[in-house]
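Worksheet: one structure, shown below.
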Amino acid sequence: MTRPEDPHPEIPLDPDAESPDPPGGTTAPSDTTAPGDTTAPDVLLPARVRPLHLRPGSIALVLIGGTLGTAAREALTLAVPELGGVPVALFAINLVGAFLLGILLEALARSGPDQGVRRALRLCVGTGVMGGFTSYSSLALAIDQLMADGRVLVGAAFGLVSVVLGVLCAAAGILAASRRTPRRTEGAAR
């Protein structure tokens, strides 16, 4: 059995997963392949490099960014009082965070391959800062608290509006970045 050819090998299926295949998508001949046969055997290939999520440098970038994002969220939630028991700061944080994440990821995707400084920015600012800044686990706790206080409709509305507007804010961020960031062409200098 052979693997189907990837119609878009330039686009990673998962930017954090390194391909175990050498450049060009072929494997070196082994005892089980005929001379000149460069097709991959139908077995799992050993990884050549440590996966991105297990590299100390990547972990450090996410840790630093996450610490900053979480500290910013905590400071804002302590500074802005709840409005009628509804955590408006958390609501605003999640919407702003979704918008900024949309801008960041679209701008990075348009500026070239996910490597070097672009990858470091994605990990530190995208996964770290924005991941720590936004908090859908805190949203779930706020919804639970509202419902436990007998405000079931307020809790349900708060959750639904937060998620729907969060998706719309992320889409708006993507749209904003797509209008301001030209797509990098293959022949452009890095």
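The values are calculated or read from the model by the stated rules, or taken from the named source; none is laboratory data. Just so it is clear, the structure is predicted and the values come from calculations on it, not from any experiment. Backbone-built Cβ (ideal geometry, glycine too); neighbour counts: all protein chains shown.
Scan the stretch 128-141 and report the pairs whose first residue is within 16 Å of V161 (Cβ to Cβ) and whose second residue is small (G, A, S), with Cβ atoms within less than 7 Å and a gap of 6+ or a chain change.
If the second residue must be small (G, A, S), the pairs left are T134/G97; T134/A98; L139/G159; L139/S162.
Among the numbered criteria (1) within 30 Å of R183 (Cβ to Cβ); (2) part of a helix (DSSP H, G or I); (3) at pLDDT below 95, which one does V96 miss?
Tallying (1) within 30 Å of R183 (Cβ to Cβ); (2) part of a helix (DSSP H, G or I); (3) at pLDDT below 95, V96 fails exactly one: (3).
Failed condition for L121, given (1) within 30 Å of G57 (Cα to Cα); (2) touching a residue at least 24 places away in the same chain (Cβ under 8 Å); (3) assigned to a helix (DSSP H, G or I), with all others met?
Status for L121: all satisfied but (2).
Rundown of residues vs (1) under 30 Å from F133 (Cβ atoms); (2) surrounded by 13 or more Cβ atoms within 10 Å (Cβ to Cβ); (3) at pLDDT below 95, yes/no style:
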position: P12; (1), (2), (3): yes, yes, yes
position: P20; (1), (2), (3): no, yes, yes
position: P35; (1), (2), (3): no, no, yes
position: R48; (1), (2), (3): no, no, yes
position: L100; (1), (2), (3): yes, yes, no
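Could you grab the pairs with beta carbons closer than 6 Å, sequence gap of 6+ or different chains, first residue in the stretch 87-99 and more than 20 Å from R151 (Cα to Cα), second one buried (at least 18 other Cβ atoms within 10 Å of the Cβ) and of a type in the set (A, V, I, L, M)?
From the stretch 87-99, the pairs are G97/M130; A98/A170.
Return a yes/no flag: does the stretch 62-78 have any residue that is assigned to a loop (DSSP other than H, G, I, E, B) and either at pLDDT below 90 or under 22 Å from V163 (Cβ atoms) (or both).
The answer is no; no qualifying residue exists.
Which of the numbered conditions does G112 fail, given that it passes all the others? Conditions: (1) on the phi > 0 side of the Ramachandran plot; (2) free of Cβ contacts under 8 Å to residues at least 12 places away in the same chain; (3) of a type outside the set (D, E, K, R).
Unmet for G112, out of (1) on the phi > 0 side of the Ramachandran plot; (2) free of Cβ contacts under 8 Å to residues at least 12 places away in the same chain; (3) of a type outside the set (D, E, K, R): (2).
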